[in-house]
Amino acid sequence: MNKNNDTIKSELGRLRKLFIMPDSPDKFIEFGNELLAMIHDFFQEKGGIHSSITLPELSKIFEESDLPDKPILIKDVLSEIKNKIIKHSVKVGSPYYIGHMTSAIPYFMILLEMIIATLNQNQVKIETAKASSFVEKEFVAWFHRLIFRRTDNFYKNNIQNHKVALGSVTSDGTMANMTALLVAREKAFPADDVFPGVRNAGIEAALRYYGYTRAVILVSTRGHYSLRKSASLLGIGEKNVISIPVDNNNRIDIDKLRHKIKKISRYRHNARTKIMAIIGIAGTTETGNIDPLDELAEISKEVGTHFHVDACWGGSVLLVDEYRYLFSGIEKADSVSVDSHKLLYCPMSMGLALFRNEKDLCLTRHSSQYVIRKNSVDLGRFTIEGSRPFSCLKPWAALKILGKEGYSILFKQAKKSASNLKAMLDACGNFETFNVPELFILIYRFIPKTVRDDLIVLKELTLSGHDQEIKEITRTVKNINRLINALNIKLHKSLRMDDSSFVSRTKLESTPYRPQQIVVLRAVLINPLTTRDILREIVSTHNDIGLQLWEEFSPLYERIRSHINQYGWI
Ligand SMILES: Cc1ncc(COP(=O)(O)O)c(C=O)c1O
């Protein structure tokens, strides 16, 4: 049915009112208040962290494949959002939620998000992002200075210099790592009089021209999977991200790294390998530990390769002067990535790729006729992404509101929470903790005290027994760990069912039981609202549920125990 002109006009009139600035700002305020009330209710609500709905049930709520046709009133859509989405969202801000790097945010972030949405600046070009382009360059310089500590003159010359970029703001840590590795790739296969550079000629031609058969990236086994993604997208190949083993505190094993470098640097069967980058991790995803960056910087220099530090998790901790020693050597990196949605307590999501050399990002510079023109000041010349939001307003304003001092207090509290939890678990007896929580992440497992004591004795016996006996003991230890792995998987599932708290779970080889993989629970302790009492409650819940589950597992352990008795080991 054709609509007449009057109807179309009145519908257009109604649609126009939806745009900012609306004719009736009171409507905007009314809905804004309603939304804030909804969010408030969500946070106040007592009970579970995840809502009890199952995933298949949830998928049924969102099974409509037809696009909405007729307009629906805002208040009805808000009500739908409340009942279908907010109700079933994860309460990542709960002080009992200590399982992931996603955590609580200060309330002023909601206001900043509103400003970002209202201004709707597009950082790709100055024509759509005026003041915000300069804010971004200032913010990048803050972190550049925090990490690389170049001279006053350096910052004076470069902070707003549109010909160079001290770094780029990305959508997340994955893109920040990717940006750093893109620069590493350009530096590994540069243009010269004959060769047009890898970005033009492609990786195959680059390898051929420089006489290599492959390019590799070296990082510890704790490396984040975003590095493999980057390698695949950059044409390096995922299998050419070479994992170097870590020590028991999850730091790259320097001897093994040196050994690997020696091995791959040998010219064998006409095959030569280019080491495109060495990566240090400043806060591993699973355990929060920091690689020996000074040594990695030195090795990278010897090898003549790009040294990147993935500080997506830990980089912001440099704001606390007292913790700087943990990152010693980071200032020698060629590039560093940092996430603001992690330890800067900003909402999702923003990453930063920073480069010690202000000209490095010029290697990736792009231009086009209608935006990011060659001589423009457009930030989009230096980014992989095209359109980008004014995300850096959040950390820029947060650093002003909280200051270095505020972040210092938050990080010290996080450190205290991590050591409190470790002390509580160690004191309980039914847990085994596995790492020194340098950056607020603790890994541990539930293991009844009697089993733990048996393992300690068995471990000691392996130091003194004869070969055959050591073999048998090692097999027994493996069997015990297999049982405890199964117990911890079940415990983790039961904790999810209980839903009064949340920790995550992973499997690591870097424990005293290596090379056996051990299932561990993982707590990330960055929410300042997580008090000592809450941690006590969480440990007590873990312990109670763990002991209940043990009743089911103990007959199986008795069988292993009788084997132990038979040998008279204990
Ligand atoms: C060390 C490290 N690097 C990179 C990333 C990737 O960050 P994002 O999830 O923001 O892409 C993470 C995420 O957890 C991380 O922990």
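Worth a mention:
- Residues that are touching a residue at least 60 places away in the same chain (Cβ under 8 Å), aliphatic (A, V, I, L, M) and farther than 20 Å from ARG522 by Cβ, drawn from the range 465-507: ILE473, ILE480, LEU483
- Exactly one residue among ALA311, ALA271, ALA231 is more than 13 Å from the ligand (Cβ to nearest atom), farther than 21 Å from VAL520 by Cα, of a type in the set (Gly, Ala, Ser) and under 18 Å from the mean Cα position of the chain (by Cα), and that residue is ALA231.
- Of all the numbered requirements in (1) part of a helix (DSSP H, G or I); (2) among the polar types (S, T, N, Q); (3) surrounded by 14 or more Cβ atoms within 10 Å (Cβ to Cβ), ASN565 misses one, and that requirement is (3).
- Test: residue in the range 147-161 that is part of a loop (DSSP other than H, G, I, E, B), of a type in the set (A, V, I, L, M) and either within 16 Å of the ligand (Cβ to nearest atom) or closer than 24 Å to LEU393 by Cα (or both): yes
- For the condition assigned to a helix (DSSP H, G or I) and out of contact with any helix residue (DSSP H, G or I) (no Cβ under 8 Å at 6 or more places or on another chain), LYS229 does not qualify.
- Residues in the range 371-397 that are touching a Phe, Trp or Tyr at 6+ places or on another chain (Cβ under 7 Å) and outside any loop (DSSP other than H, G, I, E, B): PRO395, TRP396.
- Residues of the range 145-200 satisfying the condition of being farther than 30 Å from TYR212 by Cβ and in contact with a Cys (Cβ under 6 Å, 6 or more places away or on another chain): VAL169
- Taken over the range 262-288, the criterion of being farther than 30 Å from HIS100 by Cα, of a type in the set (D, E, K, R) and not in a helix (DSSP H, G or I) is satisfied by ARG266, ARG268, ARG272, LYS274.
Yes/no per residue for (1) outside any loop (DSSP other than H, G, I, E, B); (2) within 16 Å of the ligand (Cβ to nearest atom):
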residue: ILE110; (1), (2): yes, no
residue: GLU113; (1), (2): yes, no
residue: ILE116; (1), (2): yes, no
residue: VAL124; (1), (2): no, no
residue: PHE143; (1), (2): yes, yes
residue: ALA165; (1), (2): no, no
residue: VAL169; (1), (2): yes, yes
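- Residues of the range 284-308 that are within 16 Å of the ligand (Cβ to nearest atom), of a type in the set (A, V, I, L, M) and closer than 19 Å to LYS187 by Cβ: LEU296 alone.
- Within the range 498-518, the only residue that satisfies the criterion of being in a strand (DSSP E or B), surrounded by fewer than 16 Cβ atoms within 10 Å (Cβ to Cβ) and not polar (S, T, N, Q) is LYS507.
- Some residue of the range 346-355 being touching a Phe, Trp or Tyr at 6+ places or on another chain (Cβ under 7 Å) and at pLDDT 95 or above: yes
- Selection count where residues are at pLDDT below 80 and either in contact with a Gly (Cβ under 6 Å, 6 or more places away or on another chain) or of a type in the set (Asp, Glu) (or both), scope the range 1-36: 2
- Filter result (of a type in the set (Lys, Arg) and over 23 Å from the mean Cα position of the chain (by Cα)) within the range 494-536: ARG514, ARG532, ARG536
- Positions within the range 48-70 being loosely packed, with under 12 Cβ neighbours inside 10 Å and in contact (Cβ under 8 Å) with a residue 40 or more places away in the chain, in sequence order: SER52
- Residue count for the range 398-441 satisfying the condition of being part of a loop (DSSP other than H, G, I, E, B) and either of a type in the set (A, V, I, L, M) or assigned by TED's automatic domain parsing to the domain that holds GLY173 (or both): 2.
The values are calculated or read from the model by the stated rules, or taken from the named source; none is laboratory data. Just so you know, these numbers come straight off a predicted model, no measurement behind them. Here the Cβ is made from the backbone with ideal geometry for all residues, glycine too, and neighbour counts use every protein chain on show.
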